[in-house]
Amino acid sequence: MSHPENISPGKAVLRIVLPYSLFGTLYILYSDKILRVLTSNPDIISAIQTLKGLLFVVVTSVMLYFLSRKNINAVIAHYTEAKQNRDEALRNEEMYWSLFNQSPIPTWIYDAETLQILRANNPAVEKYGYTMAEFLSLNIADIRPVEDIPELHEALQRSRENTRRSWKNLF
């Protein structure tokens, strides 16, 4: 069994609608012309018009069935891959937070603009003697000696400048 192509739902819909539209347009434009070439008898034309309408319904139903069947597999593949990616991202995030929380090194995450501490592990809280709630109410300047704060701000400024800098690579 072949593996379905992984396509977006929008593209799958177009793969159904466009062939249907093309077939329907060609059928409408040319079926009456072909019918008039075959006969000019109004009674026969009327009977064939009814059959022609029924044929259109049957042919397009079969066409829609096969186009939908083919493309639904592609949509399922798209959503399956998206779910797998989401699940993997969640596993990676859980692993990251596990490493963060289990690290014996005092570690915290802070907002680069406000310097507010957003998250900390237990060794950080224990080292500075705060409860977790108290530690999270601080900013990183609050846990530095007063004389180090100007140097802290300079280091943060340099870090911001380096982040915005465009680096050239050899390759």
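The values are calculated or read from the model by the stated rules, or taken from the named source; none is laboratory data. Note that the structure is a prediction, hence the values are computed from the model and not measured. Heads up, the Cβs are rebuilt from the backbone with ideal geometry, glycines too, and the neighbour counts pull from every protein chain shown. We work out accessible area using only protein heavy atoms, side chains counted, and drop any ligands, DNA or RNA first. Shrake-Rupley method; radii C 1.70, N 1.55, O 1.52, S 1.80 Å.
Scanning the range 73-105 for residues that are touching a residue at least 24 places away in the same chain (Cβ under 8 Å) and either acidic (D, E) or touching a strand residue (DSSP E or B) at 6+ places or on another chain (Cβ under 8 Å) (or both) yields a single hit, E81.
Cβ separations smaller than 8 Å between residues 6+ apart or across chains give no pair from the range 1-29 residues that are modelled with pLDDT of 85 or more to residues that are surrounded by 15 or more Cβ atoms within 10 Å (Cβ to Cβ) and of a type in the set (D, E, K, R). The set of residues in the range 30-63 that are closer than 30 Å to P9 by Cβ and open to solvent by 60 Å² or more (accessible area, probe 1.4 Å) comprises V57, V58, S61, V62. Taking residues in the range 115-143 that are open to solvent by 70 Å² or more (accessible area, probe 1.4 Å), and partners anywhere that are part of a helix (DSSP H, G or I), not one pair has Cβ atoms closer than 6 Å while being at least 6 places apart or on different chains. Considering E81, E88, E94, the condition of being open to solvent by 80 Å² or more (accessible area, probe 1.4 Å), assigned to a helix (DSSP H, G or I) and under 30 Å from S137 (Cβ atoms) is satisfied by E94 alone. Could you tell me whether the range 32-52 includes any residue that is in a helix (DSSP H, G or I) and in contact with a Pro (Cβ under 7 Å, 6 or more places away or on another chain)? Within the range 32-52, not a single residue is in a helix (DSSP H, G or I) and in contact with a Pro (Cβ under 7 Å, 6 or more places away or on another chain). Each residue in the range 97-114 was checked for being over 23 Å from T163 (Cβ atoms), of a type in the set (S, T, N, Q) and either outside any helix (DSSP H, G or I) or open to solvent by 60 Å² or more (accessible area, probe 1.4 Å) (or both), and 3 of them qualify.
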